[in-house]
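See structure below.
The values are calculated or read from the model by the stated rules, or taken from the named source; none is laboratory data. In this text, all values refer to a predicted model and were calculated from it rather than measured experimentally. So basically every Cβ, Gly included, is an ideal-geometry build from the backbone, and we count neighbours across all protein chains shown. Each accessible area value is taken on the protein alone, full model and side chains, heavy atoms only, with ligands, DNA and RNA left out. Shrake-Rupley method; radii C 1.70, N 1.55, O 1.52, S 1.80 Å.
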Amino acid sequence: MTAEVDLEGQSGDKKNSTQAKKMTKAKAVGFPLLLLGALTVAIACAALLRRPNTSPVSEGAVKGADSKTATAIPPLKGASEIDVLGDTFLGYSTLWDEKFQQSLKQDGITVDYADELDQKMRSQKLSSGEADFMVTTINQLFETPSKGKIVAMWDWTHGADRLILNSKQWPQLTSIRNLDTVATKAVAQGKLLSIVFAGNTPSEYLSLLLADTSPNFSLENFNIVRVEDSSVAWERFQNPLPGEQFAAGIFWEPYVTQSMREGYIASLSSADVQRSIVDVVVASPQVLKEEPSKVQAFVKAYYAHMARSAVDKTPLRKQFETLGQLTPPEAVNFLQGVYFFDANCANYWMNGTDALLEQRLNHTARVLYGSGRIANTPVNLEQFYDGRFVANVASSAAAESCPNFSITASQSEPLIASQLDSSGTVALISVSLKKESAKLDSEATYALDQVLSSARQGDTFRIDATFRKDNTLPFVESKVSAVEQYVAKKLPSAKIRSTLSPGNSGRPNIRVSIN
């Protein structure tokens, strides 16, 4: 079986480790942030990205109507200190930025930010009220549950983590399509090639997403080497231990840039699984119950700070340069790979009619369940967040608030229905621009099953897909991958030929036929 769909992506991603080892990370471990001299503190590992492990399994969750409606919150009375836990992700550097701290001081709030790289401990400290807030990624909310709730959206990445192919050792590794071939050949020779990434970080989650969406990336074909940080993964990739043969690695910046400078091939990234790696702010149950005004002041101050960089991101870029010890081009590259939420886009995710946050929570839980990371998927997703505080500072909850979201949000139904042609040998598969999932719905599987029922051993399946614009291509690609995997599973002997091309009409579609 062969497949000809190229799902290459862009850029690389994030999270850092416990060790102040390699250049460009984001902040020193345990670094308190109140003093103005904090800008000169040594930054631990200046890579770019990040993350924690934590999960609101709330008690006394706010119900949907309450969490999605702007609510009057009493103003903060008197001075207050808030304790925030996170890690060395450079995107969190706003929390120890002088201007942000000053804006909070105007509301009588002082910030004490610290790294807690043990995800279980971070969740425990939040649940017990030892910390007021933590910043973390959605995918980690389910693996180490806490009793807090998401109260603000921080960022999503669209290319800041990336799969790097070891094309130096295997010159034939020019794209993701060759990776599975190289790995399968090694298995036939009694060997397992290796992949290295930082474990329990977005790099590992990205590996699951890519395995779920790309037919050319199968984790079971590799020896998985998990290390504590992207800097360590990059070093290990270049200098493997005896017996290790790394066919690929997953890194975040600046190691993606460094790897490409060294001549390695950059392949799929978080851009190929759009809006899957998302950072959020989680508040403790105690501060939500006893001091909601503190939550409101913190959320308001953060989005006001980000609004000041909405038109000219130069101050934000310089923040990353200074606090992450990055060169200006590296800081620009980081900005291009990460979208930082503003208040309106956050409101759309948390309180908009499309319930994007619930969709993302549900999708993430299913990915983790399918990979054996969690024992079951939650039924009540509203228990994970409280949208009141964002609603109070936003002026809109419309899809247009979020870049590149108008297409996904404006389509409430698939553009075409999955169906068979009159001969029963051609299936037209719907491409929904509302749902991000690459899964096939029941109509699509029914249509494919009818085509498969008339297939014979050795038949060639043609999958011809069209896309309307570049920003619809990821949706079509993910659906094509799902069709390929379904056909290959049902009829292993089938040959598969897939093509993607711009469509003349306004409708993306996928035509599946037997040659």
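For the reader, a short list of remarks on this structure follows.
- Solvent-accessible surface (1.4 angstrom probe) belonging to K105, in square angstrom, nearest 10: 90 Å²
- Inter-site label distance for Q102 and S501 at 7 Å from Cα along Cβ, in nm: 5.8 nm
- For the range 189-271, applying the loop criterion from DSSP together with a ceiling of 16 other beta carbons within 10 Å to the GluC sites (Glu not before Pro) yields E244, E262.
- Using the empirical formula 2.2 N^0.38 Å as the baseline, the Cα radius of gyration of the range 170-326 reaches a ratio of 1.34.
- Cα centroid separation, the range 204-222 to the range 148-192: 7 Å.
- Summarising the label geometry, the points placed 7 Å from Cα in the beta-carbon direction at N376 and L192 lie 3.2 nm from one another.
- A307-R226 FRET efficiency (beta carbon distance; Förster radius 45 Å; 0.05 resolution): 0.70
- Computed extension gain for Q172 through T184, at 0.36 nm per residue and net of the alpha carbon distance, reaches 3.0 nm.
- Pairs beyond 22 Å (Cα-Cα), from K168/K495; K77/K105; K185/K489; K99/K318; K99/K149; K149/K300: K168/K495; K99/K149
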